[in-house]
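J.: Before anything else, here's the structure in question.
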Amino acid sequence: MKMTNYRLQTEIEHLTPLSQKDWFKNYVKEVLESDKPYHVKADYIGLSFQELQNKIDYLSSDIKELQALKRTLTQSKTLAQEVTAAILLDYGIDRLDGTSISSITIQAHKTKLKETFKIINAEALIKLGFCTVTVDEQAVKDAMLTVEGMDEIDEFVKVDVTSEEVPAKIKVNARRSNQNNQATELLNLVDSQEAA
């Protein structure tokens, strides 16, 4: 998988809420104010974000694979430990001393007790007083959508509205053609000229 690191992408990767954003703002302004054609500027910014998203997707995929591998290796290790313990016990060995390791010992066979809980007669337990009553919040919300429901429950509920500021951000819209390859080659040229 080819992952190109554009300078803008690298700057984005190092941008944190605690870092100074002024330098990044100035760099984006430089890109926009440069004498390059507008489509080159758009491609440079857009492809920088796309390459960063490719890296995020690639890492997400790797994390899933590594988690699956970890589960498999853990199961294999446990099975191998059990088989090795059984073989050592067959030979009457309960301890092996080593030079690089201190020793290998066998943990005694255990029987774990796991308690399960199942209610056989719920009605009888309710009659004995083993029950709780809770408000069905979803039903209340649904009732508040109607005039009759709101009139009935208005005095028993309080509705607060909170606002959260969501700053504006850009969205990169990918082209649905093979022109992305040409744009990537063009941006590689632009980056190599900047480096020179």
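J.: What figure in square angstrom, to the nearest 10, would you give for the accessible area of TYR58 with a 1.4 Å probe?
T.: Spelled out: TYR58, probe radius 1.4 Å, area about 100 Å².
J.: Heavy atoms only, probe 1.4 angstrom, no DNA, RNA or ligands counted: give me ASP154, ASP94, ASP35 ranked by accessible area, highest first.
T.: ASP35, ASP94, ASP154
J.: If you don't mind, another one. Using 24 Å as the Cα-Cα cut-off, could you pick out the over-long pairs in LYS77/LYS118; LYS36/LYS171; LYS70/LYS114?
T.: Exceeds cut-off: LYS77/LYS118; LYS70/LYS114.
J.: GLU33: accessible area at probe 1.4 Å, nearest 10 Å²?
T.: Ignoring ligands and nucleic acids, GLU33 comes out at about 150 Å².
J.: Using 0.36 nm per residue, how much length does the chain from ASP94 to LYS127 gain when fully extended, once their Cα-Cα distance is taken away?
T.: 6.2 nm
J.: Could you tell me the accessible area of THR116 in Å² (1.4 Å probe, neighbours in place), rounded to the nearest ten?
T.: 120 Å²
J.: With the cut-off at 24 Å, report for region 8-159 the share of all Cα pairs above it, as a whole percent.
T.: Percentage above 24 Å: 75.
J.: Quick one: compute a quarter of the convex hull surface over the Cα atoms of region 87-149 and quote it in nm².
T.: So the mean shadow area of the Cα hull is 12.5 nm².
J.: Farthest toward the dipole's positive end in the chain, which of LEU47, ASN5, PHE24, given Cβ charges of +1 (Lys, Arg) and -1 (Asp, Glu) about the Cα centre?
T.: Final value for the positive-end residue is ASN5.
J.: If you don't mind, there's one more thing I want to ask. Note down the nm distance, to one decimal, between modelled labels 7 Å out along Cα→Cβ at ALA174 and at LEU73.
T.: 3.1 nm
J.: With runs of 4+ DSSP H residues as the only contributors, calculate the mean residue ellipticity of the chain at 222 nm using -39,500 (n - 2.57) per run, divided by the residue total and rounded to the nearest 500.
T.: The per-residue figure over the chain is -18500 deg cm²/dmol.
J.: Given springs between every Cα pair under 10 Å in a Gaussian network model of the chain, which of ASP160, ASP43, ASP57 has the largest fluctuation?
T.: Maximum among the listed residues: ASP160.
J.: Still on this model: Ignoring ligands, DNA and RNA, what percent of the 1.4 Å accessible area of region 77-118 is carbon and sulfur?
T.: 55 percent
J.: Under a crude label model (7 Å from the Cα following the beta-carbon direction), how far is SER34 from MET144 in nanometres?
T.: For SER34 paired with MET144, the spin-label model returns 5.1 nm.
J.: With a probe of 1.4 Å, find how much accessible area the chain has per residue, and write the answer as a whole number in Å².
T.: 90 Å²
J.: On to the next question. Can you tell me what the convex hull of the Cα atoms of region 39-89 projects to on average, as an area in nm²?
T.: 3.6 nm²
The values are calculated or read from the model by the stated rules, or taken from the named source; none is laboratory data. Keep in mind that this is a model prediction, so the values were computed, not measured. No Cβ is skipped: glycine too gets one built from the backbone with ideal geometry, and neighbour counts run over all protein chains shown. Keep in mind that these areas ignore ligands, DNA and RNA; they rest on the heavy atoms of the full protein, side chains included. Shrake-Rupley method; radii C 1.70, N 1.55, O 1.52, S 1.80 Å.
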